[in-house]
Structure formats: C-alpha cells, structure tokens
Amino acid sequence: MIAPIERTLAGLRAQTAIWRKAGETIGVVPTMGALHQGHLSLARAARKTCDRVIVTIFVNPKQFNNPDDLENYPRTEHDDARKLESTGVDLIYVPDADQIYPDGFATTVTVSGLTDMLCGATRPGHFDGVATVVPKLFLQSSADKAFFGEKDYQQLQIVRRLAKDLDIPIEVVGCPTIREEDGLAMSSRNLLLSDRSRVFAPILAEVMEDLRDQLLTGAAMTEVGAEARARIFAAGFNDIDYLELRDGTDLGLLNKTEPGARLFAAAWLAGVRLIDNIAV
Ligand code: AMP
C-alpha cells in the first residue's frame, strides 16, 4: 500500500500526536526525493528499530548554492511514493515550501569547524542550509531517531554535532553507503549523467579503493595522491574539488592513515558533481 502523503505541519503533528499517545517510537528519514536504493535502505533501517517511520521529501532551496542545480534537481514524487511501498513506511511528509519557510522566516543555523572543509569549502552556504532545515524536520516530526547515509559523511557529522549542541532529543543513526554493482555510490544526481559519463563515473570509487590499499601499506597522501588524481582526470573527470584523507570524527586533515580515517572525494564529470567517501 502506498503510504499517505502529508503536506502540512498541522497534519503531520496530528498524526504524530496519535502515535505518541499510543507510546509508539518514531523514526524519520530526511530526503530530497528522487529516491533510490540508498534512501530505501535508510527507510528499512528505520523500520527495523522504530514503531512508526516518516520519510520526508523536501528539495531544500537553502542548501543549493547554485540556482541551476536547484532547478535541475530531479523531482519524482509519484515514483518515490511507489518505491517506498516495499519499505513499509507509515507516512511521507512532502511539506509545501511555506510549511518549512513561512513568510518572515529569519533564522539560520550555522555549525562551525566541521563545515569549513570538504564540501563546505566549495559550496558556500550549503551546510547552513542543511543545518537550518534538519533541526526543523527533527522538531516537526518529533522523531526519536533520524537516519542518515554515510554517503554524505560530512553532513552526517554536522547533523550529529547540531543535534547534540541544540539538545534535540533524537538519536542520529548513520547507515552504510549503498552502491551500484559497478561500485558507483548511488545518488539522485546519477540520473543527470549521460550514458557516456555513466560508464566512467565508477572510476572515482575504483581509484579511491586503490588509494585506500596504498594508504594501508603505510604510504602518505603526499606520495600517492597525485597519481590518484591523475587517474581521475584520465577517466574524463573535468575537475576535482577534493581528494583527501581525513579523520572520521573531527574531519581533520591527515597525510597517513590512522584508526578511523576516511578518504573523501568530490569530482566533476561533464557538469555533474559526484561525491564519495570510504573508510580506510
Ligand atoms: P538526499 O536525498 O541526497 O538529500 O539524501 C537523503 C539521505 O539519503 C541522506 O542521509 C543521504 O546520505 C542518504 N543517501 C543518499 N545516497 C545514499 C547511498 N548511496 N547510500 C546510503 N544513503 C544514501
């Protein structure tokens, strides 16, 4: 059965009040739609540990630093609702824009430190947009647990930080990155790749895995990073925003691997920005 779609905060609150009264726990899965198996894995993880599951679909204008990117972002609500059928979610919250940003909305949440590097360095304002909408979705849904993908690892760390800093009583659960068979991390943006670009896109993950293997033998990024970058360019990528080894918690830059380290990459392929990260 397709889960009911709710478009207003009042409607959402009426439903969650009933669940709360019955003593049921609530899990929320914030998304921007164009759902794929990565998103569905979050909904399934929520289903396993929460009595009720809400998937939110909101293409948040505040987190787009490029108007074309916002306009071109895939919107597939009908298909999304159908895809969610198999996960058994209870409610799909697709708020109208004014339910999130009513007239006069004037608050911005900024998380410092964690937002300075990686995607924060190349997408000004992006994480302010994320950090502003996510607590709203937490408070609107009154969820006990929220499920986020490691695919957007920096985002996951930022969300953990802000929930803690703002005393929002919610457990932030990180879930593993789901990949296509050829290793490409699933992403709504993959829909924007041409057939030709789609063939070369998995090389990013392949290069990262090889780089991880080199780092595990004790090699330093300063020794092996340049060759990895060259391989990414050779595969047809036009630009690399970053290819960096960082600590998995504070995201501090590393040259050699240590426990908890992760490799992070963002690169452009024919106008589409792909990001990925893996544990080292
Ligand atoms: P988005 O719709 O891109 O904002 O993503 C919504 C949520 O799905 C975020 O928590 C993402 O990290 C997560 N997500 C996106 N792609 C994947 C993936 N391939 N595997 C696991 N989670 C993902």
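The values are calculated or read from the model by the stated rules, or taken from the named source; none is laboratory data. It should be emphasised that the depicted structure is a prediction, and the values quoted were computed from it without experimental measurement. Quick reminder, even Gly has a Cβ in these numbers, built from the backbone with ideal geometry, and neighbours come from all protein chains shown. Surface accessibility is based on the protein's heavy atoms, side chains included, excluding ligands, DNA and RNA. Shrake-Rupley method; radii C 1.70, N 1.55, O 1.52, S 1.80 Å.
A few comments on the model shown:
- Condition check for residue 59: in a loop (DSSP other than H, G, I, E, B), more than 10 Å from the ligand (Cβ to nearest atom) and of a type in the set (Val, Ile, Thr): no
- Evaluated against (1) part of a helix (DSSP H, G or I); (2) touching a Ser or Thr at 6+ places or on another chain (Cβ under 7 Å); (3) aliphatic (A, V, I, L, M); (4) more than 14 Å from the ligand (Cβ to nearest atom), residue 121 falls short on exactly one condition, (2).
- Residues within the range 72-97 that are in contact with a Phe, Trp or Tyr (Cβ under 9 Å, 6 or more places away or on another chain) and in a helix (DSSP H, G or I), tallied: 1
- Considering the range 8-42, the residues that are farther than 21 Å from residue 102 by Cα and basic (Lys, Arg) include one that is nearest to the chain's Cα centre (by Cα), namely 20.
- Among the conditions (1) modelled with pLDDT of 95 or more; (2) within 19 Å of the chain's Cα centre (by Cα); (3) open to solvent by 20 Å² or more (accessible area, probe 1.4 Å), residue 52 misses just one, which is (2).
- Residue pairs meeting the criteria (Cβ under 8 Å; at least 6 apart or on separate chains; first in contact (Cβ under 8 Å) with a residue 60 or more places away in the chain and within 18 Å of residue 239 (Cα to Cα), in the range 113-131; second buried (at least 21 other Cβ atoms within 10 Å of the Cβ) and charged (D, E, K, R)): 117/246; 118/246
- Residue among 187, 141 that is under 15 Å from the mean Cα position of the chain (by Cα) and buried (at least 21 other Cβ atoms within 10 Å of the Cβ): 187
The rows are residues; the columns are (1) in contact with a helix residue (DSSP H, G or I) (Cβ under 9 Å, 6 or more places away or on another chain); (2) closer than 24 Å to residue 191 by Cβ; (3) open to solvent by less than 20 Å² (accessible area, probe 1.4 Å); (4) at pLDDT below 95.
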position: 60; (1), (2), (3), (4): yes, yes, yes, no
position: 71; (1), (2), (3), (4): no, yes, no, yes
position: 87; (1), (2), (3), (4): yes, yes, yes, no
position: 93; (1), (2), (3), (4): yes, yes, yes, no
position: 102; (1), (2), (3), (4): no, no, no, no
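- Qualifying position, being in contact (Cβ under 8 Å) with a residue 12 or more places away in the chain, over 23 Å from residue 123 (Cα atoms) and crowded, with 18+ Cβ neighbours inside 10 Å, among 221, 208: 221
- Residue within the range 30-38 that is assigned to a strand (DSSP E or B) and within 16 Å of the ligand (Cβ to nearest atom) present: yes
- One residue stands out in the range 250-277 among those that are in contact with a Lys or Arg (Cβ under 9 Å, 6 or more places away or on another chain) and open to solvent by 20 Å² or more (accessible area, probe 1.4 Å): the one that is nearest to residue 155 (Cα to Cα), namely 275.
- Matching residues, the range 112-130, being of a type in the set (Val, Ile, Thr) and open to solvent by 10 Å² or more (accessible area, probe 1.4 Å): 115, 122
- Residue that is most open to solvent (accessible area, probe 1.4 Å), among those in the range 147-181 that are within 9 Å of the ligand (Cβ to nearest atom) and assigned to a strand (DSSP E or B): 179
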